[in-house]
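Scroll down for the structure; my scribbles are underneath it.
The values are calculated or read from the model by the stated rules, or taken from the named source; none is laboratory data. Bear in mind that the values here come from a model prediction, so they are computed numbers and not experimental data. Here the Cβ positions follow ideal geometry from the backbone for every residue, glycine too, while neighbour counts run over all protein chains shown.
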There are 4 protein chains.
Amino acid sequence: MSGKLRAAIVGSTGYGGVELIRLLLQHPEVDIASVISSSNAGALYAEGYPHLSEIITDRLEAIDVEAMKGKADVVFLATPHGVSTELSPKLVEAGLKVIDVSGDLRLKRGDVYEKWYKHKPADPAYLERAVYGLCEVFGSDVLGADLIANPGCFPTATALGLVPLLAEGWIDAETIVSDAKTGVSGAGRGLGLSYHYSEINENTLAYKVNRHQHTPEIEQTLSRVAGQQVTMTFTTHLLPMTRGILVTSYAKLTQKRTDEEVLDLFRNYYEGRRFVRIRPAGKWPATKEVLGSNYCDIGVSVDERTNRVTVISVIDNLVKGAAGQAVQNLNLMMGWDEGLGLAFTPVYP
Amino acid sequence: MSGKLRAAIVGSTGYGGVELIRLLLQHPEVDIASVISSSNAGALYAEGYPHLSEIITDRLEAIDVEAMKGKADVVFLATPHGVSTELSPKLVEAGLKVIDVSGDLRLKRGDVYEKWYKHKPADPAYLERAVYGLCEVFGSDVLGADLIANPGCFPTATALGLVPLLAEGWIDAETIVSDAKTGVSGAGRGLGLSYHYSEINENTLAYKVNRHQHTPEIEQTLSRVAGQQVTMTFTTHLLPMTRGILVTSYAKLTQKRTDEEVLDLFRNYYEGRRFVRIRPAGKWPATKEVLGSNYCDIGVSVDERTNRVTVISVIDNLVKGAAGQAVQNLNLMMGWDEGLGLAFTPVYP
Amino acid sequence: MSGKLRAAIVGSTGYGGVELIRLLLQHPEVDIASVISSSNAGALYAEGYPHLSEIITDRLEAIDVEAMKGKADVVFLATPHGVSTELSPKLVEAGLKVIDVSGDLRLKRGDVYEKWYKHKPADPAYLERAVYGLCEVFGSDVLGADLIANPGCFPTATALGLVPLLAEGWIDAETIVSDAKTGVSGAGRGLGLSYHYSEINENTLAYKVNRHQHTPEIEQTLSRVAGQQVTMTFTTHLLPMTRGILVTSYAKLTQKRTDEEVLDLFRNYYEGRRFVRIRPAGKWPATKEVLGSNYCDIGVSVDERTNRVTVISVIDNLVKGAAGQAVQNLNLMMGWDEGLGLAFTPVYP
Amino acid sequence: MSGKLRAAIVGSTGYGGVELIRLLLQHPEVDIASVISSSNAGALYAEGYPHLSEIITDRLEAIDVEAMKGKADVVFLATPHGVSTELSPKLVEAGLKVIDVSGDLRLKRGDVYEKWYKHKPADPAYLERAVYGLCEVFGSDVLGADLIANPGCFPTATALGLVPLLAEGWIDAETIVSDAKTGVSGAGRGLGLSYHYSEINENTLAYKVNRHQHTPEIEQTLSRVAGQQVTMTFTTHLLPMTRGILVTSYAKLTQKRTDEEVLDLFRNYYEGRRFVRIRPAGKWPATKEVLGSNYCDIGVSVDERTNRVTVISVIDNLVKGAAGQAVQNLNLMMGWDEGLGLAFTPVYP
C-alpha cells in the first residue's frame, strides 16, 4: 500500500518487537505489514499490549515464510537464540531483506558462538553473508546488504566507547576492563525470579560474571578495529530500572594524554554521526539522557595518577541497543538518511 | 522562518517547559522561536538539560514582551503561580496568542482562586476572557481563541473520568470521591525534602488532604457539565514513580446500571476523540500504558452491592496533563487537526 | 531446647514465611524448630534466600503432622489458599497451636468464603473455632486460643482506620469507600507478568476492582464493631514499591466534627496499644515510616465542605499485615507482652 | 541510668545519625543520652523523622562539649567534613570516647586530605591518634582506643574485597580497578538536583570520575596491607535505589588461580568474622541480601582468558558502611562481643 516499504516483525510480542513497532509507526517510508509470533497466532496484538489499543489493530500471525514473501519487503527478527539460525536463510532465499536483532548471526565463527551461546551455530555461509551493522563503525558495509546482524545492546555501548581509542592505538588492548550496568528490560518479557519486582527493586547484582555471551561479540569488533586479537574482561550488572545501559570502560593509555586530546579523538571519529554525542571534559552522561532515543552519549576522563582512561557510554538498550539501531540499519541498507524515523528526543524526566 | 508558527516558551527550564520542547520539536507546523526563563538568561539551554545536547542549541532569554512580539506568534507559559497573572494581559495586548499552562487563569472566580492558591487573582476581565481548554469537553470553545487556560493535570484526569456520567445525570453529584495518585514529576524540578529520592523512593503518602488547589478547578468543570453546583472530596497521593497520574473516582449511580451500559455512555461521549481510549469491561488502564503520550485511558466498574460506579482514568501528567494538552489546544485554536504533532506511541515498557 | 517455645513454619519459602523467620530470630522466647515447604524438601533453606546464609542453616522439610507434633509447639501457616483448610484441623487435633496467616479461616461464613475465594471453605466447626486476631480490636479473644486466623494485610490497615469511627457511630456505614494502595510484595514470590519488574516499575494500576477477596473480611470486622451489616466499596491498587500499604478511607460523618475531635477519638480508642500511632492534625503518615516494623500509623482530616472524614492508615504489609501481627498474636495467645520480639524501629530511609 | 554506656550523637539529623539511633536502640549495653545537631536545637527529634514518633521523644540539643561531658561516655560524630576536625580534639581532651563517622580523621596525611577534600586537615597529632576502624582488618587496634576514625562506605566495601588478595600478594597492585555503585542515601539528606527523585529515578550515572575523596582512603588501607604503595583506579556510580553499595574490583593475578583457591583465601582470611560472608563459586551477592544489616557479602570469579580476578562485594552503605561499623567499633573498643546489638537479619524482600 502507498508505495512504502512493507515490514514484518517476527517475535513481535517481546520487548524488542514492541519497540520496533513504536519506532516503525513513526517512520515515513515504512508500513508495518505483519506482526508475527511463534505462539498466540490469531490473538489481537493489543490485548497483550494495551498501550497500543486503537493504534495496532492487527492480529498476530504465525511464522510462515510464504506469507511473508507475499506481504513484506523486509523482515525484522526479534527472536530468541536459535530462531534466526533456521529462519534467516529461508527468508533471504525467498528474496526478503532480513534484519536480525537476535544474536544468532553476529559472531563470524560458529565455534565461538557455540561455546558462549551453548546453541548450534548457523550455516557458515550465512554467518559470512550477514553484515554486522554497528552503524557508526561499519555502516558503510550496510548499503545494499540483504542480511544484517544487528549488534547486541552491550556490544553497541561498549564498542562505541572503545573503538576510537583502539583504532588509533591509544590504549593497550591487553588492559581493557568494561563494567556494564543494564536496566531490567534487557532480559525481555519472559518471567524469572531475577526480574520479579520484589527481588530486583531496591537491589543490584552482577550476573554471568566472565561468562556473558556478548563478550566475544565485543572482542570481535575491537579486534577488527585494532587489527589484533583483543581479549578483555567484561562484566554485567542488573540495575533497578527498566531501560538504559551504562558501560564504564577502563584501559591503560599507551602514552600520556589529556582529557581534551581524548575528547578530540572521539569528536573526530564520530564527526557527522548524529547519534553519538560527546560530553565536554568533566561531564559524563546519564542513561536517562538518552531514554527512548537512538543516541549513544559518551564522556571520558584521563587519570594522570594511573595513566588509565575511563570511558562512560550510555544507550537506551531497547533503542540504540536493539530496535533503533535496527531501523538505522534499514535506513543505511536502503540508502536513506540514517536518521529517518528516529528523530525522537529523549523522554526526560 | 519557513512559514511555520513561531512559539516562545516562558518557564522553559521546568518540567512542563522541557516537555513542551520535546513535543514541539515533532510538530510539523511549529518552530521553537525562543526559550525563556526568568532566571539564567544567557545560559545555554542544554547545559541544564544535557539530553537536548545538539538538539537545542539556543540560549535562554529573559522575559521581554517586546522581544516576544518580534519573534513569536504564540507564547506558552509554563510558569509558577502568579507569573501569568501579570504577564498574560501584556502578551495578549501585544497581539500574541497565549496558552497558559499554569493555574492562574483556570478559575473563573478570583475569590475562589485566592482562597485555594493564597495568591492575588488575575484581572477579572482576563479570567473571563481565558478559554478553559479541556479539549474533549470544551474543545469547541477553543477555535480562534487568543488566551487559553490549559487544564491542570489532576483536573484533566479526574474530569474526563466523570464528565460523561454527570452530563447524563447518571450519578449523584453529592457522592463523588476522587482518589488521585501522581508521579513525582508533577511537583516540578524545584527541590524539596518530599521529592528527595531517598525519602520518596519505596514510599507513598497523601498530601494536601482536603486542601489541594485543583479541587475547585475540578468542581468548576463538573458543575458546568452537570448544570448544578458540585462539591466533591478530592485527595492526592505521591507515588514512587516519575510520570503518571491515576485517578479512582467513586459515585453512587442514580439508578441500576451495568458495566456495559456505563462503557457505552463513555464510548458515545468520546466518540471521535482519539486521545481518550475506553478499556473493555473487566479491564482497567495502567499509567505506563500512556507514558510519554497524550492519551487518557479509562476503565469502569459497577458494584451491584453498593450501586456505586468506580472509574479509573490515567494520563501522563506532563503530556495530557500539561504540555500535550497545550499543544492540542494550539491545534484546536489554529483550526488544525487536534492530533498534529502528538502522534506519540506510549513508551512501553 | 533451652525451654523456649518451638515454632514450625509451613510455607516458609514465601515472603510471609521468610518474614516470620526474620522476626522470630529476634524473639527472646521462641526457637525456630522447623522450616517447612510443600515443595523442595531437603534443600538448604538459604540457597533460595542467600540473605540468610550462615543464619539459617536448616534444610526444608516436607509437611508432616506427626513430625511437627514431635518438634514444635506452635505452627505458623504462611500458605496459599486451601492448604490451611485441610491442615489446620489436623494440627489442632494433634495438640499444636496454630496461627494461620492465610485467608482460609478468616471468614466465619463458608458461603461467603466460597463466593469471594472460589475455593471450598473449611469445616464450619473450625471456622467457628478460629479466633480472628486483629490484635488492637479483638485482642482480648486471643489469650489461650489454640487456632488463630491472622488478619489479611488490607483488612488490617483498613479496619484499624475505621473501627473507632464505627464503634462510636460517628460515620454513616452506608457511605464508606476505602481506596487501598499496596507494594508488590503483597503478591508474593510467585511469578506473574503483573509483577515483572519492567511492567510494574514506573507504573500503577487498579486490580480486582469490586472483586477483591479481602472485601468481605473488612466488612465482617466493621459489621461486628458497628453492630449492623456494613457493605462498603473497596479498591486495590498496585504501586511500584516492594513493601507498604496505604489505605485512604472516606465516609460521611453523622454530625459535624473537627479534626481534633476525631483525633481524640482515635487516641482514646488505641490508648495503650503501642503499635498504633496517631499523627497530629494536618499530618499524614507515609508507608516508609513503618517499613520493616509492626506499626500502623494513622492520620485523619475532616472536610467541612462535604462533611466527610478522610482516614489515612499505613502498615508494612509483610509485618503488621502478616508476619508481625502473627507474632503479636502469638504473644497475646501465650499471655506475653504483645510487643515481645517486635521492637523493630522502622528502617528509614 | 541503669549502668549502661551513655552515647551522644552529633549530626543526628542526617541519615548516618538516624541510622545510629536505629541501631543503638537495639543495643543491650548502650543508652542514647543525647541527640545533637548544629541547627534546630530545641526541636523535637521525631518531628523531622516521624517514623520515630513515640520512640524518640527527645529534643535536639546544640553542640556543647561541657554538656556532653556531663551526660555521655561516648560521642558519635555523624557530621559533614570539617566538624570533627574541630570537635574531636575537644571531646577527647574532655575525656570522652569518640567515634568519628565523618571523613576528617581517616587519612593519616593531612596534605592528602587537603588535596582530595579541599578542606583544612585536622591537627596531625589527632590524625596520628585516630585508630582507623576497619574492623575485620585492623580490628585488633581498636580495643581500648579513645578516638576511632570509622571507615567510609566505599572504602569498607572495596577494601574488604581486595585485602586478602593483597595481603598474600596474589594480585598485581598496579592493575587494580574498582567500579563502585551506590544507592542515593550515601549522598545524605541534603537536597540536590542529582538526588531529586524525578532526575535519578530510572537513571544511572558516574560521578566524580577519578576525583572521589574515598580513593586515597582505599589506597591507604591497601598500601598498608600490601606493604607497598598502591595506586588504583576507582569510579563511583549513582543508582536508582536508596540503600546499598556494590563494588566490582578487577586485578591481574600474579599466577594462575582457580575460583576455589581464591575463595579459600577469602574464607581463611575472614574466618571467625561473622559479618563477612563468602558466596560459593558461581554465585555473587546482591545488595538487597545485606539491606538493613551489618554484613559484607563477597563473591569472586577468576577469568582464565585474561588471568584477572573479579571480586564483588556488597554492603548496606548506612550500616556496614557507616552506623553499623561504628557500633561494631564501639563493641571492639569496649572489649564486648563485636556483634552486640547488630544481630539484624537483612530485610528481604
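Some notes on this structure:
- Identity of the residue in segment A:302-349, at positive phi and surrounded by fewer than 20 Cβ atoms within 10 Å (Cβ to Cβ), that ends up farthest from the other protein chains (Cβ to nearest Cβ): A:Gly335
- Yes/no for B:Thr175 being at pLDDT 95 or above, touching a helix residue (DSSP H, G or I) at 6+ places or on another chain (Cβ under 7 Å), within 14 Å of chain C (Cβ to nearest Cβ) and over 22 Å from C:Gly299 (Cα atoms): no
- Hits in segment D:221-244 (condition: farther than 23 Å from A:Val309 by Cβ, in contact with a helix residue (DSSP H, G or I) (Cβ under 8 Å, 6 or more places away or on another chain) and polar (S, T, N, Q)): D:Thr221, D:Gln228, D:Thr242
Here's the yes/no breakdown for (1) within 14 Å of chain B (Cβ to nearest Cβ); (2) out of contact with any strand residue (DSSP E or B) (no Cβ under 9 Å at 6 or more places or on another chain); (3) under 29 Å from A:Phe138 (Cα atoms); (4) modelled with pLDDT of 95 or more:
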| site | (1), (2), (3), (4) |
| --- | --- |
| A:Ala7 | no, no, yes, yes |
| A:Leu20 | yes, no, yes, yes |
| A:Asn40 | no, yes, no, no |
| A:Gly48 | yes, yes, no, yes |
| A:Ser53 | yes, no, no, yes |
| A:Val74 | no, no, yes, yes |
| A:Thr79 | no, no, yes, yes |
| A:Val98 | no, no, yes, yes |
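- Members of segment A:85-111 found to be out of contact with any Phe, Trp or Tyr (no Cβ under 9 Å at 6 or more places or on another chain) and outside any loop (DSSP other than H, G, I, E, B), listed by number: A:Glu86, A:Leu87, A:Lys90, A:Leu91, A:Glu93, A:Lys97, A:Gly110, A:Asp111
- Here segment A:1-24 is the region considered, the condition is being among the aliphatic types (A, V, I, L, M) and touching a His at 6+ places or on another chain (Cβ under 9 Å), and the residue that is nearest to A:Pro50 (Cα to Cα) is A:Val18.
- Options A:Asn203, A:Asn210; residue that is closer than 30 Å to C:Gly244 by Cβ, within 13 Å of chain D (Cβ to nearest Cβ) and assigned to a loop (DSSP other than H, G, I, E, B): A:Asn203
- Conditions (1) without any contact (Cβ under 8 Å) to a residue 24 or more places away in the chain; (2) basic (Lys, Arg); (3) under 19 Å from C:Ala322 (Cβ atoms); number of the one not met by C:Lys118: (3)
- Test: residue in segment C:148-167 that is more than 30 Å from B:Tyr250 (Cβ to Cβ) and not assigned by TED's automatic domain parsing to the domain that holds C:Phe275: yes
- Check on A:Thr79, crowded, with 24+ Cβ neighbours inside 10 Å, within 18 Å of the chain's Cα centre (by Cα) and more than 25 Å from A:His237 (Cβ to Cβ): yes
- Verdict on D:Ile171 being touching a strand residue (DSSP E or B) at 6+ places or on another chain (Cβ under 6 Å), crowded, with 24+ Cβ neighbours inside 10 Å and assigned by TED's automatic domain parsing to the domain that holds D:Thr221: yes
- Just one of (1) in a helix (DSSP H, G or I); (2) of a type in the set (A, V, I, L, M, F, W, C); (3) surrounded by 20 or more Cβ atoms within 10 Å (Cβ to Cβ); (4) without any contact (Cβ under 8 Å) to a residue 40 or more places away in the chain fails for C:Ala125. It is (3).
- Checklist (1) touching a helix residue (DSSP H, G or I) at 6+ places or on another chain (Cβ under 7 Å); (2) free of Cβ contacts under 8 Å to residues at least 60 places away in the same chain; (3) crowded, with 21+ Cβ neighbours inside 10 Å applied to B:Val247, failing item: (2)
- Restricting attention to segment A:265-297 and to residues that are surrounded by fewer than 20 Cβ atoms within 10 Å (Cβ to Cβ) and assigned to a helix (DSSP H, G or I), the residue that is farthest from the other protein chains (Cβ to nearest Cβ) turns out to be A:Leu265.
- You will find that of B:Asp73, B:Asp111, B:Asp64, B:Asp104, the residue that is under 19 Å from B:Val327 (Cβ atoms) and out of contact with any His (no Cβ under 6 Å at 6 or more places or on another chain) is B:Asp73 and no other.
- Scanning segment D:216-264 for residues that are out of contact with any Lys or Arg (no Cβ under 8 Å at 6 or more places or on another chain), facing another protein chain (nearest Cβ under 9 Å) and over 21 Å from A:Ala206 (Cα atoms) yields a single hit, D:Met232.
- Failed condition for D:Arg189, given (1) over 20 Å from D:Leu318 (Cβ atoms); (2) charged (D, E, K, R); (3) in contact (Cβ under 8 Å) with a residue 40 or more places away in the chain: (1)
- Residue check, B:Ser194 away from chain C (no Cβ under 14 Å), part of a helix (DSSP H, G or I) and surrounded by fewer than 22 Cβ atoms within 10 Å (Cβ to Cβ): no
- Of the set (1) within 17 Å of the chain's Cα centre (by Cα); (2) touching a residue at least 60 places away in the same chain (Cβ under 8 Å), all apply to B:Pro164 but (1).
- Filter result for D:Ser88 (touching a His at 6+ places or on another chain (Cβ under 7 Å) and surrounded by 20 or more Cβ atoms within 10 Å (Cβ to Cβ)): no
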